[in-house]
Each structure stands twice: as structure tokens, then as C-alpha cells.
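The values are calculated or read from the model by the stated rules, or taken from the named source; none is laboratory data. As the structure is a computational prediction, the values presented were derived from the model and not from experiment. Quick reminder, even Gly has a Cβ in these numbers, built from the backbone with ideal geometry, and neighbours come from all protein chains shown.
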Amino acid sequence: MTLFIETFILGPIENNTYLIVDETSQSAAVIDPAAPSQAVIEKIQEKNAVLKFILLTHAHFDHIGGVKWLTRQFSTTQKVALHQADLGLWENGGGSKDFGFDFEPGIEPNLVLNDHNILLLGDVQINVLHTPGHTMGHVTYHLPQINTAFCGDLIFYRGIGRTDLNVSNETDLFKSIHERILTLPDETILYPGHGPSTSVAQEKQNNPFL
């Protein structure tokens, strides 16, 4: 099993959009497409891969802004995955009205997630961990075979996600971090929604909020 991971920094809030490709099966997934990006398309084509999944950590507008555009670039249908508790946030424009503008996500997610779901990208196992706090339906995608987790806006390099929004809960956020992230192996690489990657060990030792 060989897994390719590339980070694209997209949109006005500099979101991390991730492309992962199982090079054995040439199956691809895009995590949190923040904005339309020809570079993502070109990399998928360069890898001769087929886009199988669009995986959303949560439904805030800055993490889903490229979903509609991305699905229109391919003749095949992708699974657009979102936790059921964030469907209302999606339908309400991803929280855009709280920031003074309207946003229409377009298509509806067609793969509704729950805690402990397991997705397969070729031979790569993707475990869905429900990690609420930043939003009610926030999830982390854990790839145990390579000690990697895509954690959205739950935890950052020496930081944590916002909890001052109307879909946030500080108690839930800390519970999610302590019970679902810090219990992963220390060597687990954490790929957040903004900023540089980090690891469980680094955040245990250096995160001033924990």
C-alpha cells in the first residue's frame, strides 16, 4: 500500500485542502475542498486516479466552498461525505450568514456519516471519528495503517478550534480532543484544517490550550 498525500492551501482563509491517493488502486479522495482549484484536478490526472470520495470534516463554508465545482469536473459520481449532525449547517449555507454573506453549497451530501463508520479507499482504511465541538457534526478521518489523522478545525499546531460560534461547544471540543485525538498513538501525524501539520506527541507536550 502506497498512499500519496498533498496539501493545497485554498481560499481567502487559507484552508488546507488535502488530496489523498491510494497508488495501488489509483483511487483518490479530496478532504475539505475549500475553493475551486485546477491544481487539484491536474494532480488527480497526473496520478491517473479516479476521485471516489469528497470527505468533509464539517460543513463550515470555508471547508465546502469547492464541493459543487469539484463534482462538476468529473463524469463519474463521487461520494460526498458529511456527518449527519452537520446536515443542518450545510443546508443553512455553512454558517455564512453569521459572517454577513450568503453561500449556496449546491449539491447535497450523498454519504451521511456516523461515528465508527469505516470507509475504504482501495486498500486504505479510513475510520470516521465523531469529534464534535467546533461544530456538532465535526469528524476526524483516522487512517490507522499509516498513523495519520485529518482533524479539520478540532485541533491545530499549538492551537484548538473556535468555540464561540453558534454551532460550537467548548466542553465537547475538549472532550473530543482528549478522548479521540490524544488517545491515538503519539506518532500519529495530524493534518489540520489550517496551518502546518503536527503530531499527537507534539500537541501533548506543547499545546498551551491542553
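For the condition outside any loop (DSSP other than H, G, I, E, B) and buried (at least 19 other Cβ atoms within 10 Å of the Cβ), what is the one hit in ASP98, ASP86?
Only one candidate qualifies: ASP86.
Between a residue in the range 98-122 that is within 18 Å of SER27 (Cα to Cα) and any residue that is among the β-branched types (Val, Ile, Thr) and assigned to a loop (DSSP other than H, G, I, E, B), which pairs come within a Cβ distance under 8 Å, given they are 6 or more apart or on different chains?
Matching pairs, first to second residue: GLY122/THR24.
Looking only at residues that are part of a strand (DSSP E or B) and in contact with a Lys or Arg (Cβ under 9 Å, 6 or more places away or on another chain) in the range 23-56, which one is nearest to LEU82 (Cα to Cα)?
Among residues in the range 23-56 that are part of a strand (DSSP E or B) and in contact with a Lys or Arg (Cβ under 9 Å, 6 or more places away or on another chain), the one nearest to LEU82 (Cα to Cα) is LEU55.
When residues of the range 101-123 are filtered for being charged (D, E, K, R) and surrounded by fewer than 13 Cβ atoms within 10 Å (Cβ to Cβ), how many remain?
Qualifying residue count, the range 101-123: 3.
Pairs only if they're at least six apart or on different chains, beta carbon under 7 angstrom, first in the range 1-25 and at positive phi and surrounded by 16 or more Cβ atoms within 10 Å (Cβ to Cβ), second at pLDDT 95 or above and part of a loop (DSSP other than H, G, I, E, B); list them, first residue then second.
That search, which allows pairs on different chains as well, returns GLY11/ALA34; GLY11/ALA35; GLY11/GLY65.
Restricting the search to the range 101-125, which residues are in a strand (DSSP E or B) and more than 21 Å from LEU70 (Cα to Cα)?
ILE118, VAL124, GLN125
Looking at the range 150-199, which of the residues that are more than 11 Å from THR131 (Cα to Cα), free of Cβ contacts under 8 Å to residues at least 24 places away in the same chain and not polar (S, T, N, Q) is surrounded by the fewest Cβ atoms within 10 Å (Cβ to Cβ)?
ASP164
Do we have THR135 as among the polar types (S, T, N, Q), part of a loop (DSSP other than H, G, I, E, B), in contact with a strand residue (DSSP E or B) (Cβ under 9 Å, 6 or more places away or on another chain) and crowded, with 21+ Cβ neighbours inside 10 Å here?
Spelling it out, THR135 is indeed among the polar types (S, T, N, Q), part of a loop (DSSP other than H, G, I, E, B), in contact with a strand residue (DSSP E or B) (Cβ under 9 Å, 6 or more places away or on another chain) and crowded, with 21+ Cβ neighbours inside 10 Å.
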